[in-house]
1. Test of understanding: among V14, V36, which residue is free of Cβ contacts under 8 Å to residues at least 40 places away in the same chain, β-branched (V, I, T) and open to solvent by 10 Å² or more (accessible area, probe 1.4 Å)?
2. Name, by its number, the condition in (1) open to solvent by 60 Å² or more (accessible area, probe 1.4 Å); (2) within 13 Å of the ligand (Cβ to nearest atom); (3) of a type outside the set (D, E) that does not hold for A205.
3. Filter segment 142-168 down to the residues that are in contact with a Leu (Cβ under 7 Å, 6 or more places away or on another chain) and away from the ligand (no atom under 12 Å from the Cβ), then identify the one that is modelled with the lowest pLDDT.
4. Only residues that are touching a Gly at 6+ places or on another chain (Cβ under 9 Å) and closer than 15 Å to V128 by Cβ: list them for segment 166-178, please.
5. Somewhere in segment 100-117, is a residue closer than 20 Å to G32 by Cα and of a type in the set (S, T, Y)?
6. Tell me the residue from A135, A213 that is more than 16 Å from the chain's Cα centre (by Cα) and open to solvent by less than 60 Å² (accessible area, probe 1.4 Å), please.
7. Just name the residue that is nearest to the ligand (Cβ to nearest atom) out of those in segment 53-77 that are open to solvent by less than 20 Å² (accessible area, probe 1.4 Å) and modelled with pLDDT of 95 or more.
Amino acid sequence: MSSAHNPIVFPLDVASIDDAREWVRRLSDEVGVFKVGLELFCAAGPEAVRAIADAGAAGVFLDAKLHDIPATVEGAAREACSAGVRMITAHCQGGVEMLRAAVRGAGDDVCVLGVTRLTSLPASQDEVTQAALQALEAGCGGIVCSPREAAAVREAVGPKLQIVCPGVRPAGSDAGDQVRVMTPGDAIRAGADWLVIGRPIRNAADPLAAVRAIREEIASARGTQ
Ligand code: C5P
């Protein structure tokens, strides 16, 4: 991953295309990728993905969290990605064959990310590492894990997989319902390639200033890697 890349993933955790578009307009110069989650995708479907790309998003990450039999997942990945998606998630708990089906359906231009374990569930480092190894075996391009797990996952999977971490909080910001958090700088030092950061930006008095401060913290962490 080049050090020039902007690793910030901003989740569009809103229920309408208009609200999503507005956030893209405000933040597109400072955010690497915009994430469409289940709330927006259930409300507006592939149309939301197209609208966000049209509003100036450099890349769209569809957090679809696919989990079903392989044939269904392959079809769902194909349909979901046809709207112009750069990254899509599938649950590692669906197994290697299901992850392979997601990779086939998504096609060569889309990075399939295996969700190792939901951070709302208890999981040991070993379970997370095993799930990441399954994603590697299935041909996924990356995985999603807590930043606390990132260093051990990187050690196990090597440089091939992109590591995406939610649960990132700048020092002094409210953790909200995230329990196991890390600062952006520490998450980058732990080996994360992408940081999903929502509420610390969305709820800030000045979201643009908040995201710029995070970018500065990331730049200085890279300088000390
Ligand atoms: O607002 P906050 O920074 O906590 O947002 C984190 C985003 O990452 C949300 O969209 C949430 O759904 C997502 N996410 C997460 N934990 C996971 C997977 C996804 O927080 N394990």
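The values are calculated or read from the model by the stated rules, or taken from the named source; none is laboratory data. All of these numbers come straight from a predicted model, not from anything done at the bench. So basically every Cβ, Gly included, is an ideal-geometry build from the backbone, and we count neighbours across all protein chains shown. Note: accessible area is taken over every heavy atom of the protein model, side chains too, but ligands, DNA and RNA are not part of it. Shrake-Rupley method; radii C 1.70, N 1.55, O 1.52, S 1.80 Å.
1. Details: V36 fails: open to solvent by 10 Å² or more (accessible area, probe 1.4 Å).
Testing whether each residue is free of Cβ contacts under 8 Å to residues at least 40 places away in the same chain, β-branched (V, I, T) and open to solvent by 10 Å² or more (accessible area, probe 1.4 Å) leaves just V14.
2. Answer for A205: the failing condition is (2).
3. Across segment 142-168, the extreme among qualifying residues is K160.
4. The one that is touching a Gly at 6+ places or on another chain (Cβ under 9 Å) and closer than 15 Å to V128 by Cβ: P166.
5. No, every residue in segment 100-117 fails to be closer than 20 Å to G32 by Cα and of a type in the set (S, T, Y).
6. A213
7. Here is the first cut: in segment 53-77, the residues open to solvent by less than 20 Å² (accessible area, probe 1.4 Å) are 57, 59-64, 73, 75, 77.
Pick out the ones that are also modelled with pLDDT of 95 or more and you get 60-64, 73, 75, 77.
Values: V60: 14, F61: 10, L62: 12, D63: 6, A64: 11, V73: 18, G75: 23, A77: 18 Å.
If we take residues in segment 53-77 being open to solvent by less than 20 Å² (accessible area, probe 1.4 Å) and modelled with pLDDT of 95 or more, then D63 is nearest to the ligand (Cβ to nearest atom).
For (1) among the polar types (S, T, N, Q); (2) more than 13 Å from the ligand (Cβ to nearest atom); (3) at pLDDT below 95, each residue gets a yes or a no:
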| site | (1), (2), (3) |
| --- | --- |
| D174 | no, no, yes |
| R180 | no, no, yes |
| D186 | no, yes, no |
| I201 | no, no, no |
| I214 | no, no, no |
